[in-house]
Structures are given as C-alpha cells and as structure tokens.
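**Q** Please read through the structure below; I'll follow up with questions.
What follows draws every value from the coordinates through simple rules; no lab data is involved. Since we're looking at a predicted model, the values are computed, not measured. A quick note on method: Cβ atoms are made from the backbone with ideal geometry, for glycine too, and the neighbour counts reach across all protein chains shown.
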Amino acid sequence: MQTQILATILALIHASRKHSELVNIHLFLSKRLSVFRIEGSTDEILVTREDPKDTASRYSHNHRDFGAYVTEFSWVRDEAFRVLNNEAGIGRTMLPELFGKNQEIIELEVEAKKACSESSPYVR
C-alpha cells in the first residue's frame with residue numbers, strides 16, 4: 001500500500017512537471033480510515049473502494065448526492081496533511097524532500113518508481 005501511495009505521488013509530480021500549464025495539483029494524506037475513496041473536481045466526484053473488483057460510482061455536479069460527497073471530501077481534506085500543491089513548487093519536489101531523507105523513504109521511492117512503470121494493480 002505504501003508503494004502505491006508513493007507511486008501516485010510520483011505520478012502527480014511527473015504530471016505537474018510535464019503539463020504545468022494544464023494541471024493544478026493539491027494532494028493531502030489523511031490518517032482517517034474509510035472503506036471509500038473520494039476523488040473529485042468541481043464538476044464530478046468519483047467514489048471507489050479499495051477492492052479493484054468492487055464498483056465505482058461517478059456523480060456529476062447536478063446529481064442529488066453530489067453535495068453530500070463534496071462535504072465528506074472537504075471534511076477529510078480539512079483534517080489531512082497537505083503534501084503537495086503547485087504553489088509550493090511540486091514540479092521540483094521528490095519524496096525525500098517531502099518525507100525526510102531516511103533509508104526507508106529512499107527504498108520506498110525506488111519501489112514506487114518501479115511501480116510507476118507497471119500497470120496498476122487496480123486495472124481489471
């Protein structure tokens with residue numbers, strides 16, 4: 001799980017570097033445990049579960065449940081640790097700079113870089 005999270009962070013850093021004029025990234029890590037993962041924008045929310053075989057739901061901004069998921073998303077974000085944002089220079093940031101220069105982070109970064117070149121374990 002740690003490797004996949006760090007691979008996601010590396011992918012975000014790469015996307016920000018490659019498309020800095022098109023991508024606006026804000027990444028938060030939460031200690032809160034949930035069976036759902038909520039990702040979204042002002043236009044739509046995507047709700048998934050950890051099991052890649054489970055269903056995912058997409059709610060557009062005009063769906064009756066959109067506001068409830070935006071509220072939940074906001075509560076989690078407000079309690080979370082802000083890891084990355086474009087204003088902080090995400091394009092120049094790597095994992096040891098984010099999490100400290102220790103051997104565990106360095107080893108996890110190697111594994112995360114490897115995971116970035118592999119297909120997602122969540123693809124069916």
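**Q** When a footprinting reagent is the concern and you count Cβ atoms within 10 Å, what order do Lys31, Lys113 take, fewest first?
**A** Lys31, Lys113
**Q** Please give me the summed charge of the neighbours of Thr3: other residues whose Cβ is under 11 Å from its Cβ, Lys and Arg +1, Asp and Glu -1.
**A** Charge balance in the 11 Å sphere: -2.
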